[in-house]
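S.K.: Sharing a structure with you now.
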Amino acid sequence: MSLKKTRGEDVNQGGIETTTRLAQRQLFSRFVLTMIFCFVVIQGLVMALLIYQQNVQANQMMTSLKAEYQRFLIFESSDELEQVLLSYPEKLIDNGLSVIKRTGQANQDFIAGLAVDQTPVSLDEFLLSDSSWLDFLLAQPYLSMKLSPEKASFEEGKQQLNDAEYWLVLNVPAKLSALIEKWVFVGLILALLSIFISFIVWRLIGDTLQPLHALAKGLDNHKVGQGISEQEVEQEVEQEALLDRSVFSDEVKLEAKQRHHTNKGLEALNQGVNQVMYSLKEANLSMSHTLDAIAHDLRTPLSRILLSTEKALAAPLSDLSDETEYHKEEISRLVTALSDCAESASQATGLLTTLMKINDEAIGRHEIVKENISLKELSLNVISWYQEIAEEKGIGLGAHQSPDIVCFTDPKRLTQILVNLVDNSIKYSEKGDEIQLCWGMTGHDCFISVKDTGIGIEADKQAAIFERLYRVDHSRSQAGYGLGLAMVKVMLDSLNASISVSSELGKGSEFCVLLTQPASQPASLTS
């Protein structure tokens, strides 16, 4: 029980956030291990490249010196060669080379260059012509090349060739020490670069996962508010115990635990998000049911009030000739009161119906059915519905003559959106104003706009007009609930569309609806 309590307290104190941060550290650890592996591989390749390059350079240098020194042996004398070597040994020393004179098979004399550690040297055993660059890796002490020319070459010269042979010897350990210095230098540069890259990656991982940590912290706070079930804690403890009782080696168990904790970080976050989404879905469903119940309970008395008042107002009045003036006035006041009640009940019913429609649209109760529609045909239909109303108010209502656009969207929702926008424009326009509908394309998407020359909207009020029950001050004299644009905004969200408003007080407004089209079905012009 103490173990469970400890685990439960740990989860309550920040379980998901702790596991996400553990996942971040584990992810960075894997990156560091990958970096180390790449560092080792690169260092190995660098060493191989340096050795190969050194072998090629040594081969070229020794071949060049052989040709140079052979000229002394062929056209001058061996004494002249030795004098030159003793006078200018720097070239040999800088390149790790030595010149050895061999008389017979056993006698060897060091002439010039880098001192040879051991003599005699088996000159015939490690010939440069028989070697490869891999010999540098096999701890070979030296490589040799014979300087003395063949007898055929000598007979063309001026001097007689004696029994002495001159050999050019490369001190391999000396060259390797220089290579190791270069290799270590390259390794230090790569190590510093790796540390710098690791620091940058750690910061990038931290910045990238910071929103996940914040989300995990919020989920932890949500869990603290709701509590954690004992069953979840028991399952987690049992999983830990199974890992501890594994029959694998300690290394395998450690790796399994690390993988478990790493995966647990993201899994815990995923489970927490799913849990919150499920809670929100349940709360949303509960609120929807509550609203339905409230709406039903409100509609019933409102309907009774409306029916009773309409029935009372429709009933014929008896002969009032015998009634006094006082009674006539009382009856008139009662009729007026009943009319006000009927009107208020009707408004309240309409307001409640509109709010429920907005709620149904927001929770996605009705299915979205998209199809290809003609924006021109849809606009002209809406104009025909409001033409008579606009003429009665002396408002011009028409459409800009543009090429027809075929758009992929939900026709019912787009029709309702356009109806609300046109109705709004007519409501807030005066005699002599103009309302014009326009459609077109922007890239692969399409748009439809409603522009009027009505009363306009203040700049600081334009962002709030899409809120529910919000009405601009100078529009309160008009009939309405302040829900028309709110309904438009909710429907556009369902269609993954957007709306923008451009308005100036006293000069009119323009509402433009942008309908995003899928890549497979872009908007298109039609004749």
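Taken together, the values in this text are just the output of simple stated rules run on the coordinates, not laboratory data. Keep in mind the model is a prediction, meaning the values are calculated, not measured. Counting neighbours? That spans all protein chains shown, and the Cβs are built from the backbone with ideal geometry, glycine included.
S.K.: Cα-Cα over 23 Å: which of LYS393/LYS451; LYS376/LYS461; LYS412/LYS461; LYS311/LYS393; LYS451/LYS489; LYS427/LYS461?
M.R.: Working: LYS393/LYS451 17 Å; LYS376/LYS461 31 Å; LYS412/LYS461 29 Å; LYS311/LYS393 33 Å; LYS451/LYS489 17 Å; LYS427/LYS461 18 Å.
Over 23 Å apart, Cα to Cα: LYS376/LYS461; LYS412/LYS461; LYS311/LYS393.
S.K.: Please say if the range 366-502 is rounded, prolate or oblate, where rounded means a/c under 1.5 for a ≥ b ≥ c the square roots of the C-alpha gyration tensor eigenvalues, and otherwise the choice is prolate for a/b larger than b/c and oblate otherwise? If you can, show how the numbers build up before the last one.
M.R.: On the way: a/c = 1.77, a/b = 1.24, b/c = 1.42.
Oblate, since a/c reaches 1.5 and b/c is not below a/b.
S.K.: Moving on. Just the number: Rg to Rh for the range 357-431, Cα atoms, Kirkwood Rh, two decimals.
M.R.: My calculation of the ratio gives 1.03.
S.K.: Also, quick follow-up: Quick one: if you stick a label point 7 Å off each Cα along the C-beta vector at SER177 and GLU90, how many nm between them?
M.R.: 2.1 nm
S.K.: Could you give each residue of the range 390-405 its phi-based ³J(HN,Hα) in whole Hz, using Karplus coefficients 6.51, -1.76, 1.60 with θ = phi - 60°, and x for Gly or Pro?
M.R.: Once θ is set to phi - 60°, the couplings for the range 390-405 become 5, 5, 4, 8, x, 10, x, 10, x, 10, 6, 6, 10, x, 5, 10 Hz.
S.K.: So, one more: Work out, step by step, the length gained on full extension between PHE75 and ARG468: first 0.36 nm times the residue separation, then minus their alpha carbon distance; give nm to one decimal. Before the final figure, lay out the partial values.
M.R.: Numbers: separation 393, 0.36 × 393 = 141.48 nm, distance 10.93 nm.
Length gained between PHE75 and ARG468: 130.6 nm.
S.K.: On to the next question. Label points 7 Å out from Cα along the Cβ direction at ARG365 and TRP202: separation in nm?
M.R.: With each label point 7 Å from Cα toward Cβ, the separation is 5.5 nm.
S.K.: Quick one: Karplus J couplings for the range 451-468, per residue in order, coefficients 6.51, -1.76, 1.60, θ = phi - 60°, nearest Hz, x for Gly and Pro?
M.R.: Result, ordered by residue: 10, 9, 10, x, 6, x, 9, 4, 4, 7, 9, 5, 6, 9, 5, 8, 7, 5 Hz.
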